[in-house]
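Notes to accompany the following structure.
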Amino acid sequence: MIYATRKAHFNAAHRLHNPNKSEQWNVETYGKCNNHNWHGHNYVIEVTVAGMPDPETGYVIDLGLLKSIIKERILDPCDHKNLNLEVPFLKGMIPSTENLCIAFYNELKEPVGAAASPDSSLYSVKLYETERNFAEYCPERAH
């Protein structure tokens, strides 16, 4: 199995807030991340495709094509945006790093699958919220 990964970055603001809970619960649970005036991050996303290289190209996926897919599906809608308010595919979601990984994976799965070699598919999305805090979503490894 080969794992090919493309890294990209974007900047965005968000607020962690559960509207079904009290203000006190939100402040106690999310602390500074519950700031009414939002807060921002310099996110780094890593998208990994797993499989076997295509015998004609030697690629699991053309990384230039993967770059274009990430730009179109994640960077263009999210960069310099408020993730709570301005990104349609995140509507109604608490934009934690964990939830963003799942949403980004779901946005990328179909176009990456179509672009990858026949025996390859989207494997994982890893999102760094800070240099030290990140989450990774790998649904195939969940079982």
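General remarks:
- Residue under evaluation L90, criteria (1) of a type outside the set (F, W, Y); (2) within 14 Å of L127 (Cα to Cα); (3) surrounded by 15 or more Cβ atoms within 10 Å (Cβ to Cβ), criterion not met: (2)
- Single unsatisfied condition, K67 versus (1) in a helix (DSSP H, G or I); (2) over 14 Å from T5 (Cα atoms): (2)
- Under the condition of being of a type in the set (V, I, T) and assigned to a helix (DSSP H, G or I), the residues counted in the stretch 72-96 number 1.
- Residues in the stretch 120-137 that are crowded, with 19+ Cβ neighbours inside 10 Å and either β-branched (V, I, T) or part of a strand (DSSP E or B) (or both): L122, Y123, S124, V125, K126, L127, Y128, Y137.
- Taking first residues from the stretch 56-85 that are under 15 Å from A8 (Cβ atoms) and free of Cβ contacts under 8 Å to residues at least 24 places away in the same chain and partners that are β-branched (V, I, T) and part of a loop (DSSP other than H, G, I, E, B), the Cβ contacts under 9 Å between residues at least 6 apart in sequence or on separate chains come to P77/V87.
- One residue stands out among those in the stretch 93-104 that are touching a helix residue (DSSP H, G or I) at 6+ places or on another chain (Cβ under 7 Å) and surrounded by 20 or more Cβ atoms within 10 Å (Cβ to Cβ): the one that is nearest to Y43 (Cα to Cα), which is F104.
- Of the residues contained in the stretch 18-37, none is found to be touching a residue at least 60 places away in the same chain (Cβ under 8 Å), surrounded by 12 or more Cβ atoms within 10 Å (Cβ to Cβ) and closer than 20 Å to Y105 by Cβ.
- Failed condition for T57, given (1) surrounded by 14 or more Cβ atoms within 10 Å (Cβ to Cβ); (2) assigned to a loop (DSSP other than H, G, I, E, B); (3) hydroxyl-bearing (S, T, Y): (1)
- Residue match in the stretch 61-68 (condition: farther than 16 Å from A116 by Cα and surrounded by fewer than 13 Cβ atoms within 10 Å (Cβ to Cβ)): no
- Search result, residues across the stretch 8-29 that are of a type in the set (F, W, Y) and in a helix (DSSP H, G or I): W25
- Index of the failed condition, N99 passing every other in (1) of a type outside the set (A, V, I, L, M, F, W, C); (2) assigned to a loop (DSSP other than H, G, I, E, B); (3) within 14 Å of E129 (Cα to Cα): (2)
- Tally, over the stretch 110-119, of residues that are surrounded by 15 or more Cβ atoms within 10 Å (Cβ to Cβ) and not aliphatic (A, V, I, L, M): 2
Throughout, read-outs are computed from the coordinates displayed, never taken from laboratory work. Since the structure is predicted, the reported quantities are computational estimates derived from the model, not experimental observations. Methodologically, a virtual Cβ is constructed for each residue, glycine included, from the backbone with ideal geometry; neighbour enumeration extends over all protein chains shown.
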